[in-house]
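Undergrad: Dumping the structure here so I can ask a few things about it.
The values are calculated or read from the model by the stated rules, or taken from the named source; none is laboratory data. Predicted model only: the values in this text are computed from it and were never measured. A quick note on method: Cβ atoms are made from the backbone with ideal geometry, for glycine too, and the neighbour counts reach across all protein chains shown. Areas reflect the complete protein model, heavy atoms only, side chains present, ligands, DNA and RNA absent. Shrake-Rupley method; radii C 1.70, N 1.55, O 1.52, S 1.80 Å.
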Amino acid sequence: MKILSVIGARPQFIKAAVVSNALRKNEITEFLIHTGQHFDDNMSDIFFEEMGMVKPQVNLGVSGGNHGAMTGEMLIEVEKLIIEQNPDWVLVYGDTNSTLAGSLAASKLNTPCAHVEAGLRSDNRKMPEEINRILTDHASDLLFAPTEVANQRLLSEGIAEKKIVRTGDVMLDAALNFGKVAQEKSTIIKDLALEKQLFALCTLHRAENVDRLTTLEWIVEELYQVSKSINLVLPLHPRTKSKLEQFSLFEKLSSNVKLIEPVGFLDVLSLQQSSSIIITDSGGMQKEAFFQKKPCVTIRSETEWIELLEGGHNRLAKPMVDSIQQKVEEALDASLDWSIELYGDGQSSQTIAKALLERST
């Protein structure tokens, strides 16, 4: 059996690391395509090296440009490779342009497509990721739903129950598999002189947050206020750095916030493990905070992971509306139940590999 996997962004590298390992254990051949969507070394190559992952057979080198152009270029190249490789399944992850390109190429060629992390919805169609999720789910033949909420959402949209497999979340697999490795190998806490210090880990990259001057000004001011009461560490996404410099906000933020270069997955895990709270606009980081038993404040008006809101593990700080500082204080003061199981048992990648085998016989 042969799988053609399409990845292109940081979270997909991490998910693919554990799924690829499960595929190998089940004697499934994988042809791995990196679209090139993330081209920074700290956001691509380092992930393969750290996680002992086989490097992709092909790097399409498609990055930058508008969504349509990027997706179109990927679609053309992925289609060629599906024809050349003739896989039993095309496997896509998440909600990026790479995801959509892979699923569309497969559906046009009548090659079965499976979607990891299916059924997530923010109900905000202004987000490109939301459109990518919806189209990918409805173009796919096998949908791996990480949560019961996602499972029910797919059913409510008319997707046949036989197409859906409730897997749990492969990011939990990764957190469990690589958490101990991070403790042994990462030196970032020492390098940043954060031992025995309370600090918040912050990530910021979404277009709706960083591309608008008024919104980014508000975020910078809010984070500046938060940093007066707790140390703030922010690995700086290239997009965010560019916008901070463009809008002349870099110096204000860096004056009280520890800005660092993008870091590899093991360092991210180490920062998560040692932090007191996580502040983010990332989808994946919200779950990773839960895996590490850290409260989270998300700088967005909505989230795909609504189950985290229900228990108070995550709190939304709506841009230009809420106070990030107030949300952080509420989260740090809250008594949270970390014993609940929301994302499976850490064996989601094995469930995926076995389901692919079963559906191909």
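Undergrad: Taking the solvent-accessible surface of protein heavy atoms with a 1.4 Å probe, what is the per residue accessible area of segment 253-361 in Å²?
TA: In whole numbers, segment 253-361 has 39 Å² accessible per residue.
Undergrad: In nm², what is the average projected area of the convex hull enclosing the Cα atoms of segment 258-323?
TA: Result: 4.9 nm².
Undergrad: Let me ask something additional. Where Lys and Arg each count +1 and Asp and Glu each count -1, what net charge lies around residue 357 among other residues with Cβ under 14 Å from its Cβ?
TA: The answer is +1.
Undergrad: How large is the charge dipole for segment 1-127, taken about the Cα centre, if only the Cβ atoms of Lys, Arg (+1) and Asp, Glu (-1) carry charge, to the nearest 20 debye?
TA: Roughly 340 debye for segment 1-127.
Undergrad: Counting Lys and Arg as +1 and Asp and Glu as -1, what is the net charge of the other residues whose Cβ lies under 13 Å from the Cβ of residue 5?
TA: Computed value for this residue: +2.
Undergrad: Given springs between every Cα pair under 10 Å in a Gaussian network model of the chain, which of 58, 297, 92 has the largest fluctuation?
TA: 58
Undergrad: Express the carbon and sulfur contribution to the solvent-accessible surface of segment 139-218 as a percent, rounded to the nearest whole number, probe 1.4 angstrom.
TA: The C+S portion of the solvent-accessible surface of segment 139-218 is 51 percent.
Undergrad: Got the relative contact order for the chain handy, in percent, Cα pairs under 8 Å and 6 or more residues apart?
TA: Details: 661 pairs, mean separation 58.4, N = 361.
It comes to 16 percent, rounded to a whole number.
Undergrad: Another question, if that's okay. If you average the alpha carbon positions of segment 287-361 and of segment 47-87, how far apart do those two centres end up, in angstrom?
TA: Each part's Cα centre sits 29 Å from the other's.
Undergrad: Let me ask something else about it. Using Cα springs under 10 Å in a Gaussian network model of the chain, which residue among 280, 29, 71 shows the largest mean-square fluctuation?
TA: Ranking 280, 29, 71 by mean-square fluctuation puts 29 first.
Undergrad: Based on Cβ point charges of +1 for Lys and Arg and -1 for Asp and Glu, what charge dipole magnitude is obtained for segment 135-188 about its Cα centre, in debye rounded to the nearest 20?
TA: On the way: 6 positive and 8 negative charges, 26 e Å.
Computed about the Cα centre, the dipole is about 120 debye.
Undergrad: Let me ask something additional. Quick query: amide H of residue 297 versus all other amide H atoms, modeled in the peptide plane; which residues come in under 5 Å with a sequence gap of 5 or more or a different chain?
TA: 278, 279, 280, 315
Undergrad: Follow-up question, since we're still on this one. Under the definition of Cα pairs under 8 Å and six or more residues apart, what whole-number percent is the relative contact order of segment 181-305?
TA: Relative CO of segment 181-305 lands at 31 percent.
Undergrad: Let me know the shape class of segment 179-328, please: from the alpha-carbon gyration tensor, a ≥ b ≥ c as square roots of the eigenvalues, rounded when a/c is under 1.5, otherwise prolate if a/b is greater than b/c, or oblate.
TA: Judged from the Cα gyration tensor, segment 179-328 comes out oblate (a/c at least 1.5, b/c at or above a/b).
Undergrad: Given the pairs 2/108; 196/258; 2/162; 126/354; 25/185; 55/294, which span a C-alpha to C-alpha distance of over 28 angstrom in this model? Can you show the working numbers first?
TA: Working: 2/108 19 Å; 196/258 16 Å; 2/162 22 Å; 126/354 36 Å; 25/185 25 Å; 55/294 32 Å.
Check vs 28 Å cut-off fails for 126/354; 55/294.
Undergrad: Shifting gears a bit: Once you've got the GNM for the chain with C-alpha springs shorter than 10 Å, pick whichever of 37, 12, 197 has the biggest mean-square fluctuation.
TA: 197
Undergrad: Using R₀ = 35 Å, calculate the FRET efficiency as 1/(1 + (r/R₀)^6) where r is the Cβ-Cβ separation of residue 88 and residue 306; round to 0.05.
TA: After rounding to 0.05, the efficiency reads 0.55.
Undergrad: Considering the options 131, 290, 118, tell which one lies farthest towards the positive end of the dipole of the chain, charges being +1 on Lys and Arg and -1 on Asp and Glu at the Cβ, about the Cα centre.
TA: After comparing all options, I get 118.
Undergrad: Under 13 Å from the Cβ of residue 73, count the other residues' Cβ atoms, weight Lys and Arg +1, Asp and Glu -1, and hand me the total.
TA: My count for the surroundings of residue 73 gives -1.
Undergrad: Going by amide H atoms built from the backbone, whose H comes under 5 Å of the H on residue 36, apart from near neighbours?
TA: Long-range HN contacts for residue 36: 60, 61, 62.
Undergrad: For residue 241, list the aspartates and glutamates whose Cα falls under 18 Å from its own Cα; do not include residues on the same chain fewer than 8 positions away.
TA: Once the sequence-local aspartates and glutamates are set aside, what remains near residue 241 is 40, 41, 208, 211, 217, 221, 222, 251, 261, 281.
Undergrad: Work from the charge dipole of the chain (Cβ charges, +1 for Lys and Arg, -1 for Asp and Glu, about the Cα centre) and give the residue of 264, 155, 232 farthest towards its positive end.
TA: 264
Undergrad: Another question, if that's okay. Might you report the magnitude of the Cβ-based charge dipole of the chain about its Cα centre, with Lys and Arg at +1 and Asp and Glu at -1, to the nearest 20 debye? Present the calculation step by step, with values, prior to reporting the outcome.
TA: Values: 37 positive and 50 negative charges, 29 e Å.
It comes to approximately 140 debye.
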